[in-house]
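S.K.: There's a structure below that I have some questions on.
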Amino acid sequence: MSQPSPADPRGVGRRAGGHVDENTRAALHRSQVIDLTTTGRRTGRPRRIEIFLHEEDGRLFISGMPRADRTRDWIHNITVDPHVVVHLKQSVSADIPATARVVTDLAERRPFIEAAARRWGRTDVDEMLRHSPLIVLTVADAAGKASMP
């Protein structure tokens, strides 16, 4: 039987029973620098980047600096395959499978972008709203239910 790829959520970084334990979940719900693995949309190979994970009111999301000239590769990858792995590397070291969803609706984007702007001390919320990448993450909780942002 083949091993799951690093961006495949089957069994990677889980405790017995296939779920994230409470200590890891608590660490996950802190805003921090993480690594994120996506699956390359053309190659099917794992692609790992360092990026900032935001937590706001129990919701996990990832954004980035605004760029009007192009869409990031990791956004293209997630559009094709939403299965990702969040690699915690600060207070806890863990690889947590998740499902990512690209957020494009301006009304849905606003609270996430405003939270990121506050955290980064930015005042160009409208620019970020139009040109920053944004995904929300869903991770199965300790009971196996989906934790929605």
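S.K.: On the given criteria, is Arg119 surrounded by fewer than 17 Cβ atoms within 10 Å (Cβ to Cβ), at pLDDT below 95, touching a strand residue (DSSP E or B) at 6+ places or on another chain (Cβ under 7 Å) and under 16 Å from Ser31 (Cα atoms)?
M.R.: yes
S.K.: Here's something else I'd like to know. Quick check on the range 116-141: of everything there that is in a helix (DSSP H, G or I) and without any contact (Cβ under 8 Å) to a residue 60 or more places away in the chain, which residue is farthest from the chain's Cα centre (by Cα)?
M.R.: Taking the candidates together, the pick is Asp126.
Listed here are the residues, each with its yes/no results for (1) surrounded by 12 or more Cβ atoms within 10 Å (Cβ to Cβ); (2) modelled with pLDDT of 85 or more; (3) more than 29 Å from Leu129 (Cβ to Cβ).
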residue	(1), (2), (3)
Gly11	no, no, yes
Thr39	yes, yes, no
His83	yes, yes, no
Gln90	no, yes, no
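S.K.: Of the conditions (1) more than 12 Å from the chain's Cα centre (by Cα); (2) outside any strand (DSSP E or B), Arg47 satisfies every one except a single condition; which number is it?
M.R.: Going through the list (1) more than 12 Å from the chain's Cα centre (by Cα); (2) outside any strand (DSSP E or B), Arg47 breaks only (2).
S.K.: Would you confirm whether any residue within the range 67-79 is closer than 16 Å to Glu22 by Cα, out of contact with any strand residue (DSSP E or B) (no Cβ under 6 Å at 6 or more places or on another chain), surrounded by fewer than 19 Cβ atoms within 10 Å (Cβ to Cβ) and of a type outside the set (A, V, I, L, M, F, W, C)?
M.R.: no
S.K.: Among Leu129, Leu106, which is more than 13 Å from Ile34 (Cα to Cα), surrounded by fewer than 16 Cβ atoms within 10 Å (Cβ to Cβ) and not charged (D, E, K, R)?
M.R.: None of the others qualify; the one that does is Leu106.
The values are calculated or read from the model by the stated rules, or taken from the named source; none is laboratory data. Worth saying up front: this structure is predicted, and the values here are computed from it rather than measured. Backbone-built Cβ (ideal geometry, glycine too); neighbour counts: all protein chains shown.
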